[in-house]
Amino acid sequence: MANTATHDHAHDHHDHKPHGLKRWLYATNHKDIGTMYLVFACVMFFLGGAMALVIRAELFQPGLQFVDPGFYNSMTTMHALLMIFGAVMPAWTGLANWMVPMQVGAPDMALPRLNNFSFWLLPFAFTLLLLTLFVPGGAPAGGWTLYPPLSLQAGDSFPLTIFAIHLMGISSILGAINVVVTILNMRAPGMGLLNMPLFCWTWLITAYLLIAVMPVLAGAVTMLLTDYFFGTSFFAASGGGDPVMFQHIFWFFGHPEVYILILPAFGVVSEIIPTFSRKPLFGYESMVYATASIAFLSFIVWAHHMFTVGMPLAGQLFFMLSTMLIAVPTGVKVFNWCATMWKGSISFETPMLFAIAFLFLFTLGGFSGLMLAIVPADFQYHDSYFVVAHFHYVLVPGAVFAIMAGVYYWLPKWTGRMYNEKIGKLHFWLSTIGVNVLFFPQHFLGLAGMPRRIPDYSTQFADWNMVSSLGASLFGFSQLLFVYVIWSAVRSGEKAADRPWEGAHGLEWELPTPAPYHSWETPPTRSVISHGAMH
Amino acid sequence: MSEMREQNNRRLTLRLLGFAAGAFAFGFALVPLYDVICDITGVGNPKDLLRASNVQAIEHDESRLVTVEFVADLPSVGSWEFRPVIAEMKANPGRLYEIDYVARNLTGRDTVAQAIPNVAPGKATAFFRKTECFCFIPQNFAKDEERVMPVRFVIDPNLPKSIDRVTLSYVFYDNSTRVAALN
Amino acid sequence: MTRHARTALSATAFAILGSLAPLAAHAEWGNLNMPVGVTVLSKEIHALHMTMFWWCVAIGVFVFGWMIWSLVAFRKSQGAKPDTTMTHSTKAEIVWTVIPVVILVIMAIPAARTLIAIEDTRNTEISIKVTGYQWKWHYDYLGEDVKFFSSLARASDEARQLGSGVNPESVENYLRDVDNPLVVPEDTKVRVLLTAQDVIHAWWVPAFGMKKDAIPGNVNELWFKVEKGKTGLYRGQCAELCGRDHGFMPIVVKVVTKDEYRTWLAGQKAGESTPADASSEPAADSSPTIAALPAAPQG
Ligand code: HEM
Ligand SMILES: [Cu+2]
Ligand SMILES: [Cu+2]
């Protein structure tokens, strides 16, 4: 290992790294692009978070205090679009950009220029989307699910929104293609598919999901567009169309989409838990198969989002059973993580803390998911705050915590510097407490009958809404610590070792710290690979 | 990067782009597939209600009576009078019945209207056969014209025993609500 | 965890608990769970919900117990040594695949049974067509020629305006009151036909256990049968985002005895219509037409 390190250092000096703005505009380096994706995601996270705080401020007390109901609907719609397409998905692509080449022993992503293009689509897409806040009629307000006929009542924002979604879709399809090509074609000799770290595996499967369903979303919104402008009636009952068909097409995309948001999280957690348990991942192969079966099942459960549209009995039963079935591979994963910790030697650095919170709170979201799958009960839960609680548990302490865990985990390798562990832990505790105070009471609200997507509510819901809003501000403002802790690490953190985590395995830790600009210019030898390997 | 790898990458990229293009096409293919699935699974496709069935009176089942309700709706922009002449009736499965709807054009101009039929419960759709209906073709209406429009229907005796009540409903759309697209 | 972080943590926890205390003093703690409801179906649904809840608790005790046990027992700080040979076990993996499948089947059986009951609309005694508008409901007692709109009650509507200055606490049933409630008899199977005029809405009364979408150009149905003796007012809301005033189209169902219902219905037919009803339906004649309803306000 010492050998490779010096070798790579030598190379580093020959790098012709462009400087200034050009370095970013014309970036083709996977690390530069990865950084841009992560910074972009962070900006969107704060913008989306600001919208969430507008929502929670309005809901702090009954009565309308701050915003018009129409604007409130724009806030929920834009919040979701920004968080899903602007924060979580780009953050995953950023992590993939940074880590996949390092983990498979490649010098860079397979398609560097395409990589540049797919990143630079995003700022345009989101500028367009955010511009809708200023057009006549306001930003889209029909929910991120864009159900017609409501979404067709939008004003001038409509074409901008659709165009923005197309750009985001193209960006993520191209990003996904890049990941697939890198993983399938660029692995170092000797790195078999079943030697890859789980993060690569889960991303490979995610990438296929993206390529399969983002175009379906593109199709659905294109049909909306032609219904709006060109008099087609795909979804207009007046012309023999069916608004429910939109929901089927949307959720055919939408359910795999939620797994696009969470599968890479499974990968990150599967890296971190073994590291800090100082023990190999339990059941590596079954993890791969479980991920693949979740991805497969995600194509046949979509209608669980639309049990109340009035489906035939057989359809409802089918989608109930298939949805429940997803809990099985998901359970396998959770059990494997538990077994990884069992008889380990566990320490609690910040990445591990976030991974543990993921384990507990994602599982909690899985429980409410299981309850939602029960059709008769879903007739009560559907479109209530119970659903809001469910998906926020799987998305915030699920996907978002995993992203943060990954950033804390790999930051020393990226920057060569250690973050401040104390502030990291403070960030963790404030986030974890905040997220539970924020979302747990929403289960109660939903069960007691509070519908989602409303700007005002009757007084019986007042107490828990107030608690939830307090939690929201705690969670929201705690995230400033995250920016601070990273900023201060980059600026003035302590120097990090090549292998800053005692139990870390995988090729990325065989590289010197900070990782050289071009990761593996000469592919790692078999002995380096087996040194890095963990199973 | 070697020539060979470059070529492999390009080939795989094109394949994946093709896959994405296929997925885009699949999104649109879901539109006809939606109808096909409705048909295959026998749940009944409301679009079939827009076409004449060629059943004539079948063997009918005197012992069974199904309540048939008739409902009329207008979209919010419609200036019409539109109603069934009777609100409900009892029907023997297999027997041919005729009932009437009345529509009056209050839009203040000559226009064309199209009724969109629907049956509840949804699973009765496949068993509700119409041999004649004003919804099969767009209806021309002169200004202020009032017209009685017949519907002839048979309820398929195979209607599941778990259904004892069927609702036939129409929404009456006119020019101003994009009828043209249907034809 | 350092002592420092621990102090910070407990301080935060106390701060949060402290801020909750005054809330706890006047909270309506009964609002934590799904209502049992007053219909045959709502009770079954509630029972299903509770069964699922207890299953989740049981599985949670096991899974979270396992996690906590591992986290406590195998701390490096306590000198735990990793067992790096423990990499997989086919036996364990079969066990934790098969047992969940069995549990899921056990969960699915009562769910399927209830679902079949929900879908059984036979022997309905009353059919009411419910039409969603932006942003109010229209009720039509089929075959009875009784129909009317039901909108947010005026007191709530005034209080809910941005900057109205009215304290919602001072309005009785804030946002949950309407001008004309739907009236139905107890102990009667009522079938609700759902449709909408403009966009999709959903009709939801939690005490009846059900919600269903009201979709333009489409007719959906649900049924409920309020148990004998459960007369009273039951409240709900539109549950599908339907535009600007989606939060302001409540549902109130007044359940009365069969006799009261007959009297009420006769009164309605005799033209004893409520003011809002009369003003919103100029073309009220005795034919079963629903014609010439005024266009709903467009947002
Ligand atoms: C055990 C696994 C899961 C099950 C059984 C499950 C089940 C469900 C069901 C039945 C719904 C529809 C509820 C309704 O609208 O009435 C739902 C909604 C949702 N789920 Fe899950 N879920 C699971 C895991 C996840 C994961 C991993 C994610 C994403 C990370 C996720 C994200 C969502 C989202 C975003 C929605 C709401 C979408 C919307 O209506 O806007 N779920 N889930
Ligand atoms: Cu889903
Ligand atoms: Cu509504």
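Just the number, please: Stokes-Einstein D of segment A:42-123 in µm²/s, Kirkwood Rh from C-alpha pairs, 4 °C, 1.567 mPa s. Don't skip to the answer; put the middle values down first.
Details: Rh = 14.9 Å.
Rounded to a whole number, D works out at 87 µm²/s.
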Rounded to the nearest 500, the 222 nm mean residue ellipticity computed for the protein assembly as shown from DSSP H runs (n ≥ 4, each -39500 (n - 2.57)) alone is -17000 deg cm²/dmol
Number of Lys pairs in segment A:19-532 closer than 24 Å at Cα, excluding neighbours under 8 places apart unless interchain, is 13
Amide H contacts under 5 Å for B:Asp174, restricted to residues at least 5 apart in sequence or on another chain and with H modeled in the peptide plane, are B:Gln114
Percent relative contact order for segment C:126-272, counting Cα pairs under 8 Å at least six residues apart, stands at 27 percent
With every protein chain in place, the accessible area of C:Ser170 for a 1.4 Å probe, in Å² rounded to the nearest 10, comes to 90 Å²
Spelling it out for C:Ser127: with amide H atoms placed in the peptide plane at 1.01 Å from N, the residues 5 or more places away or on another chain with amide H under 5 Å from its amide H are C:Leu142, C:Arg191
As a percent rounded to 5, the proportion of antiparallel DSSP bridges among beta bridges in the protein assembly as shown is 75 percent
Whole-Å distance linking the alpha carbon centroid of segment C:91-112 with that of segment A:42-97 is 38 Å
Tilt, helix A:89-104 to longest principal axis of chain A (alpha-carbon atoms), in degrees rounded to tens, equals 20 degrees
For C:Val102, the accessible surface traced by a 1.4 Å probe with all protein chains present amounts, in square angstrom to the nearest 10, to 80 Å²
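Starting from the residue with the highest accessible area, list C:Glu44, C:Glu186, C:Glu260 in decreasing order, probe 1.4 Å.
Details: C:Glu44 70, C:Glu186 15, C:Glu260 100 Å².
Result, largest first: C:Glu260, C:Glu44, C:Glu186.
When Cβ neighbours within 10 Å are restricted to other protein chains, what is their mean count per residue of peptide A:462-475? It would help to have the intermediate numbers written out before the result.
Details: counts 7, 8, 5, 0, 4, 6, 0, 0, 4, 1, 0, 0, 4, 0.
For peptide A:462-475, the averaged partner shielding equals 3.
From the alpha carbon gyration tensor of the protein assembly as shown, can you work out the equivalent ellipsoid semi-axes (sqrt of 5 times each eigenvalue) and give them in Å, largest to smallest?
Working: eigenvalues 581, 190, 142 Å².
Over the Cα atoms of the protein assembly as shown, the ellipsoid semi-axes are 54, 31, 27 Å.
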Taking the reciprocal of mean 1/r across every pair of different Cα atoms in segment C:126-272, the Kirkwood radius in Å is 15.7 Å
At the level of C-alpha centres, the distance separating segment A:315-356 and segment A:451-530, in angstrom, is 20 Å
Using the Kirkwood radius over Cα pairs of segment A:203-362, the Stokes-Einstein translational diffusion coefficient at 25 °C and 0.890 mPa s, in µm²/s and rounded to a whole number, is 138 µm²/s
The helix A:30-58 Cα axis meets the longest alpha-carbon principal axis of chain A at an angle in degrees, between 0 and 90 and rounded to 10, of 30 degrees
Between the Cα axis of helix B:3-40 and the main Cα principal axis of chain B, the angle (0 to 90°, nearest 10) is 10 degrees
From highest to lowest solvent-accessible area (probe 1.4 Å; ligands, DNA and RNA excluded), C:Arg160, B:Arg129, C:Arg122 read C:Arg122, B:Arg129, C:Arg160
tail above 16 Å in the computed P(r) of segment A:342-406, as % of all Cα-Cα pairs, reads 51 percent
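If I take all pairs of Cα atoms in segment A:135-193, what percentage of them are more than 20 Å from each other?
Details: 839 of 1711 pairs.
Here the tail beyond 20 Å accounts for 49 percent of pairs.
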Taking only C-alpha positions in chain A, Rg and Dmax in angstrom work out to 22.9, 72
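List the relative contact order of chain B as a percent without decimals, with contacts defined as Cα pairs under 8 Å and 6+ residues apart.
Numbers: 347 pairs, mean separation 48.6, N = 183.
In percent, rounded to a whole number, it is 27.
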For B:Asp61, the residues 5 or more places away or on another chain with a placed amide H closer than 5 Å to its own amide H are B:Arg95
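Compare C:Thr124, C:Thr51 by solvent-accessible area with a 1.4 Å probe and give them largest first, with all protein chains kept in place. Walk me through the intermediate numbers first.
Values: C:Thr124 15, C:Thr51 65 Å².
So the residues, ranked largest to smallest area, are C:Thr51, C:Thr124.
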Per 5 angstrom bin, beginning at 0 and ending with the bin that holds the maximum distance, the Cα pairs of chain B fall in percents of 1, 7, 13, 16, 14, 11, 9, 7, 4, 3, 3, 3, 3, 2, 1, 1, 0
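How well do other chains shield peptide A:344-354, expressed as the mean number of their Cβ atoms within 10 Å of each residue Cβ?
Numbers: counts 12, 11, 11, 4, 5, 0, 0, 0, 1, 1, 0.
Per residue, the average neighbour count from other chains is 4.
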Taking a crude spin-label model, label points 7 Å out from Cα along the C-beta direction, the A:Gln65 to C:Leu162 distance in nm is 1.6 nm
Rounded to the nearest 10 Å², the accessible area of B:Tyr173 using a 1.4 Å probe with every protein chain kept is 20 Å²
Once normalised by the length of chain A, the mean sequence separation of its alpha carbon contacts under 8 Å that are 6 or more apart gives a contact order in percent of 19 percent
Taking the alpha-carbon centre of each part, the distance from segment A:146-208 to segment A:367-443 in Å is 22 Å
Among A:Trp144, C:Gly236, C:Ala58, the residue whose Cα sits farthest towards the positive end of the charge dipole of the protein assembly as shown (+1 at Cβ of Lys and Arg, -1 at Cβ of Asp and Glu, taken about the Cα centre) is C:Ala58
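The values are calculated or read from the model by the stated rules, or taken from the named source; none is laboratory data. All figures in this text were calculated on a predicted structure; none of them were measured in a lab. We place every Cβ from the backbone using ideal geometry, glycine too, and count neighbours over all the protein chains shown. Heads up: the accessible areas ignore ligands, DNA and RNA and are worked out on the full protein's heavy atoms, side chains in. Shrake-Rupley method; radii C 1.70, N 1.55, O 1.52, S 1.80 Å.
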